[in-house]
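Take a look at the structure set out below.
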Amino acid sequence: MDQLTRRRLFTRAAPAAGAGAIAGAALLRAPGAAAGSGAATTHGATHETAATTGAAGKAPQPGHGSRHAAFRGKVDHRKNGFDPHEILRDFDWGTTRKGPDGRTIREWEIVAADKEIEVAPGVVFPAWTYNGRIPGPTLRANEDDLLRITFINGSAHPHTMHFHGIHPSSMDGVAGQGAGDIQPGDRTVYEFDATPAGLHLYHCHVRPLAEHIAKGLYGAFIVDPKGGREDADEMVMVLNGFDTNFDRANEVYAVNTIGFTYMDTPIQVEKDKLVRIYLVNVLEYDLINSFHLHGNFFDWYPTGTGKTPSEFTDTVMFCQGQRGIAEMRIPNLGKFMFHAHQSEFTELGWQSLFEVCERGRDGKLVCDLSASTDRQG
């Protein structure tokens, strides 16, 4: 029997099944099945395994009417060691001290490690991680801070950290420059100034680059401008996906790793309050990703390096490595979807909800529980 790929399944299933049924394209080989020619290789060795399924030992099965027919149950965030709802508003400022000149020195320790991650209910992916999570920590600093990142490679493979921004070539995290590729068990220190202000990212830059990024080695990196930005409800969204059978086509798409996680539990925001989203696209194997917001528009600041928005829109698109800041105030109560405006991505996990609430007399958010929850994009 030939190996079933995501795109083949789309061709076969689309006429007969709804969007949720197509999400059943987790398309995973059952445990013990042959890897086949589509298995990715790194440094001459085949990846340990393709993604495996949960305790039942069977891949998710397509069904009709709801994507829950495919992604049945819930991901065990505790077992994963991170929760996408916590990652959303988790900004890591590191530890700080003052240098002799009074300048702030900001420091982090980042460890690369091989780890299995459940990326959809019952779908376990053999990932490479920074500090045990995907995406890695959202590093945050003020413009002109001195940044010092101690990188420890606890993985079985060579890795680096390559930061977008301005820095010396010796700090670039690429082969042949500075410390070059960091071998298993070794460490290095990346040190550079926090510049320019804006939204950036970091990722592994060891060849083959596609596999090192697709396996999970990336994260967001924010440099706040002098004087800061207007107070807002801030959140980070790293757009990613997972090639669960290593055929260089993604089977799961997500924001902050877990497909549909913000559909199951919508992101609560306050009516009329400024919301600021740091959006970073690290999707591998697909040329373009996008962000579309229902029922509202937002100001868009490409790369976050300027203070004047480039447009007022409800949809933006970007290639891998592109990023920007979206700012909005939502005037109406209820639930508003946001998702990729590539329907295939939406149906395979990149679909989420904002739930717009009011502040009650007790200071807590009061949400409109009667608002409709449309799950079909």
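The values are calculated or read from the model by the stated rules, or taken from the named source; none is laboratory data. Keep in mind that this is a model prediction, so the values were computed, not measured. Cβ placement follows ideal geometry from the backbone for every residue including glycine, while neighbour counts extend to all protein chains displayed. Side chains included, ligands, DNA and RNA excluded: accessible areas come from the protein's heavy atoms. Shrake-Rupley method; radii C 1.70, N 1.55, O 1.52, S 1.80 Å.
A simple spin-label model places pseudo-atoms 7 Å from Cα toward Cβ; at Phe91 and Arg148 they are separated by 2.3 nm. If each of Lys98 and Lys364 carries a label point 7 Å out from its Cα toward its Cβ, how far apart are those two points in nm? Distance between label points: 4.2 nm. For the stretch 80-234, the carbon plus sulfur part of the accessible surface works out to 47%, probe radius 1.4 Å. Working from label points 7 Å from Cα in the Cα-to-Cβ sense, the Ile288 to Thr308 distance is 2.7 nm.
Stretched out straight at 0.36 nm per residue, the stretch from Val111 to Thr195 would grow longer than its current Cα-Cα span by 27.9 nm. On a per residue basis, the stretch 220-367 carries 36 Å² of accessible surface, using protein heavy atoms and a 1.4 Å probe. In this structure the amide hydrogen of Glu143, modeled in the peptide plane, comes within under 5 Å of the amide hydrogens of Asp224, Lys226, none closer than 5 places in sequence on its chain.
Note that the stretch 116-132 has calculated 3J(HN,Hα) couplings of 7, 10, 7, 8, 7, x, x, 9, 9, 10, x, 9, 10, 10, 9, 6, x Hz, one per residue in order, obtained from phi through the Karplus relation 6.51 cos²θ - 1.76 cosθ + 1.60 (θ = phi - 60°); glycine and proline are x. Starting at the first residue of the stretch 190-202, write each ³J(HN,Hα) from the Karplus equation 6.51 cos²θ - 1.76 cosθ + 1.60 with θ = phi - 60°, in whole Hz, x for Gly and Pro. Ordered by residue, 3J(HN,Hα) equals 9, 9, 6, 7, 7, 7, x, 4, x, 10, 10, 8, 9 Hz. Computed extension gain for Asn332 through Ser169, at 0.36 nm per residue and net of the alpha carbon distance, reaches 53.8 nm.
Evaluating 6.51 cos²θ - 1.76 cosθ + 1.60 at θ = phi - 60° for every residue in the stretch 143-148, the Karplus couplings come out as 3, 6, 4, 8, 9, 9 Hz, glycine and proline recorded as x. Using Cβ point charges alone (K and R +1, D and E -1), the dipole size of the stretch 297-365 about the Cα centre works out to roughly 320 debye.
For the pair Thr315 and Arg78, a Förster radius of 25 Å applied to the C-beta separation gives a FRET efficiency near 0.10, rounded to the nearest 0.05.
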